[in-house]
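**Student:** This is the structure I want to talk about, given as structure tokens.
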Amino acid sequence: MTDQTDNAKPVGLIAGGGTLPFALADSLRARGRVPVLIGLKGYCDPQRIANYRHHWYSVGQFGSIMSALRDEGCSDITFIGTLVRPALRDLRFDWTAVRLIPRILRGLRGGDDHLLSATARVFEQGGFRVLGVRELAPDLLMPVGCLTSTQPDAASLADAVTGRALLQAISPFDVGQAAVVIDGHVVSIEDIAGTDALLARIKELRASGRLRAKPGRGVLVKAPKQGQDLRLDLPALGPVTVKGLIDAGLAGMAVAAGHSVVAEPQAMVAAADAAGLFIVGLDS
């Protein structure tokens, strides 16, 4: 946890896509801390970032990003938002990054968690303290229990248990943080394309007739990998996830409480209630 001295300093948010960077920035503001967003070109929303103190850099400009953070007085930083795993040819190296190419290449050869951990170490060795949502904005974490008026039935809870066990079992392979289970059957697992693509795949399976289960059955289960650095890349959910659940014909979602981030909880719950879906936080 941050101490009083650190609480007086700005926090650097290395911001990818989606709504999470701005939800975190607003939470920090509410706590009296100043967020400084480092918008990653091609990922962060240029319209929304304009409402905050910010700088723009390309992925791979490690030296320039660290210099900007130091100039802003940021000793605490975090990585937040969606980021498609970059190909080496897409990285825009500055001179600091050039010296780190062997380490970057090792990170690119591993899974996403391996790459994020390698990137975090670069910033830690540059003198920064890398924190996560759990330290900076615990109000954004999924609580234990059901958030919606619709409650999961016994079959849905059993599917959630199956999905949680599956995600724990595949954790060593650093694949994904979500799965869809319908009536005890594992239908699909999240891959590099993310949760939205996973739900779109379920929709396509229904449309093609390859998935015969009736709409209104099945659960999206989300949980971090075992041994994952919980400062980095926690499972995230929000209104867009609910839209995906509706399109996929699922009954709801079950996520790891305290280890998943909710960007827009009120809008998410309202959308789920309107559709008769459940959202439940699973106790670890």
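**Student:** What residue, among those in segment 215-248 that are crowded, with 19+ Cβ neighbours inside 10 Å and small (Gly, Ala, Ser), is nearest to residue 120 (Cα to Cα)?
**Tutor:** If we take residues in segment 215-248 being crowded, with 19+ Cβ neighbours inside 10 Å and small (Gly, Ala, Ser), then 236 is nearest to residue 120 (Cα to Cα).
**Student:** Related question: Only one residue in 164, 134, 201 is surrounded by fewer than 17 Cβ atoms within 10 Å (Cβ to Cβ) and either in contact (Cβ under 8 Å) with a residue 60 or more places away in the chain or over 30 Å from residue 13 (Cα atoms) (or both), so which one is that? It would help to see each step written out before you state the result.
**Tutor:** Numbers: 164 fails: surrounded by fewer than 17 Cβ atoms within 10 Å (Cβ to Cβ); 201 fails: surrounded by fewer than 17 Cβ atoms within 10 Å (Cβ to Cβ).
Testing whether each residue is surrounded by fewer than 17 Cβ atoms within 10 Å (Cβ to Cβ) and either in contact (Cβ under 8 Å) with a residue 60 or more places away in the chain or over 30 Å from residue 13 (Cα atoms) (or both) leaves just 134.
**Student:** OK, next. Of all residues in segment 54-77 being outside any loop (DSSP other than H, G, I, E, B) and small (Gly, Ala, Ser), which is nearest to residue 136 (Cα to Cα)? Outline the logic, then answer.
**Tutor:** Narrowing segment 54-77 to residues outside any loop (DSSP other than H, G, I, E, B): 54-57, 62-71, 76-77.
Retained after the next criterion (residues that are small (Gly, Ala, Ser)): 63-64, 67-68.
Values: 63: 24, 64: 24, 67: 22, 68: 20 Å.
For segment 54-77, the residue satisfying everything is 68.
**Student:** Considering only strands (runs of 3 or more DSSP E) fully contained in segment 146-229, which possess at least 3 residues that are closer than 16 Å to residue 247 by Cβ, within 18 Å of the chain's Cα centre (by Cα) and not assigned by TED's automatic domain parsing to the domain that holds residue 17? Walk me through how you get there before you give the answer.
**Tutor:** Details: elements: 178-182, 185-189, 219-222.
Correct list: empty, since no element meets the threshold.
**Student:** Let me ask something else. Got at least one residue in segment 78-89 being modelled with pLDDT of 95 or more, surrounded by fewer than 18 Cβ atoms within 10 Å (Cβ to Cβ) and either assigned by TED's automatic domain parsing to the domain that holds residue 174 or assigned to a helix (DSSP H, G or I) (or both)? Break it down into steps so the answer makes sense when it comes.
**Tutor:** In the first step, residues of segment 78-89 are kept if they are modelled with pLDDT of 95 or more; the result is 78.
In the following step, the residues that additionally are surrounded by fewer than 18 Cβ atoms within 10 Å (Cβ to Cβ) were identified as none.
Checking segment 78-89: not a single residue is modelled with pLDDT of 95 or more, surrounded by fewer than 18 Cβ atoms within 10 Å (Cβ to Cβ) and either assigned by TED's automatic domain parsing to the domain that holds residue 174 or assigned to a helix (DSSP H, G or I) (or both).
**Student:** While we're here: Go through segment 19-33 and report how many residues are touching a strand residue (DSSP E or B) at 6+ places or on another chain (Cβ under 7 Å) and surrounded by fewer than 17 Cβ atoms within 10 Å (Cβ to Cβ). Don't jump to the end; show me each part of the working.
**Tutor:** From segment 19-33, those touching a strand residue (DSSP E or B) at 6+ places or on another chain (Cβ under 7 Å) are 20-21, 24-25, 28-29, 33; that's our starting set.
After this cut, where a residue has to be surrounded by fewer than 17 Cβ atoms within 10 Å (Cβ to Cβ) as well, the list is 29.
Total satisfying the criteria: 1.
The values are calculated or read from the model by the stated rules, or taken from the named source; none is laboratory data. Since the structure is predicted, the reported quantities are computational estimates derived from the model, not experimental observations. All Cβ positions, glycine included, derive from the backbone under ideal geometry; neighbour counts span all protein chains shown.
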